[in-house]
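Enquirer: Handing you this structure, nothing more for now.
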Amino acid sequence: QLQASGGGLVQAGESLRLSCAASRSISSINFMGWNRQAPGKQRELVASATIISTNYVDSVKGRFTISRDNAKNTIYLQMNNLKPEDTGVYYCSVQYGTISYWGQGTQVTVSS
């Protein structure tokens, strides 16, 4: 089970850190990701990491950082210099082997 938190209403240029707490150890995950679903749009993967690589969608490169804390069983998404187009519901996901788990989503709203 994953519990996402940290969303909110901010102004453009501000920062937020999203957290996704797992109910079990994340030390063995082979994938973690944050997806965003903007109003009226399909869900897109904005940040992800595996053992060998970290990837970001072009629109968030240089502003978002995905990370993890195994001791806290939590993954994070640090979002800086937020823009109105970053508005959406953010979902975390992790994968153990071939099985994926999703969090419930947290709303991020960026006003101009």
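Enquirer: Checking residue 102 against (1) under 16 Å from residue 2 (Cβ atoms); (2) under 12 Å from the mean Cα position of the chain (by Cα); (3) open to solvent by less than 70 Å² (accessible area, probe 1.4 Å): exactly one of these is not met. Which one?
Expert: That leaves (3) as the condition not met.
Enquirer: Looking at the stretch 22-49, which of its residues are open to solvent by less than 40 Å² (accessible area, probe 1.4 Å) and either part of a strand (DSSP E or B) or of a type in the set (Asp, Glu) (or both)?
Expert: Scanning the stretch 22-49 gives 22, 32, 33, 34, 35, 36, 46, 47, 48, 49.
Enquirer: Residues that are without any contact (Cβ under 8 Å) to a residue 24 or more places away in the chain: find the strands (runs of 3 or more DSSP E) completely inside the stretch 50-104 holding 1 or more of those.
Expert: Passing ranges, in order: 54-56, 64-69, 99-102.
Enquirer: Moving on to the next point. Is it fair to say residue 68 is buried (at least 18 other Cβ atoms within 10 Å of the Cβ) and among the basic types (Lys, Arg)?
Expert: yes
The values are calculated or read from the model by the stated rules, or taken from the named source; none is laboratory data. What you see is a predicted model, and the numbers here were worked out from it, not measured in a lab. So basically every Cβ, Gly included, is an ideal-geometry build from the backbone, and we count neighbours across all protein chains shown. The accessibility values were calculated without ligands, DNA or RNA, using every heavy atom of the protein model including side chains. Shrake-Rupley method; radii C 1.70, N 1.55, O 1.52, S 1.80 Å.
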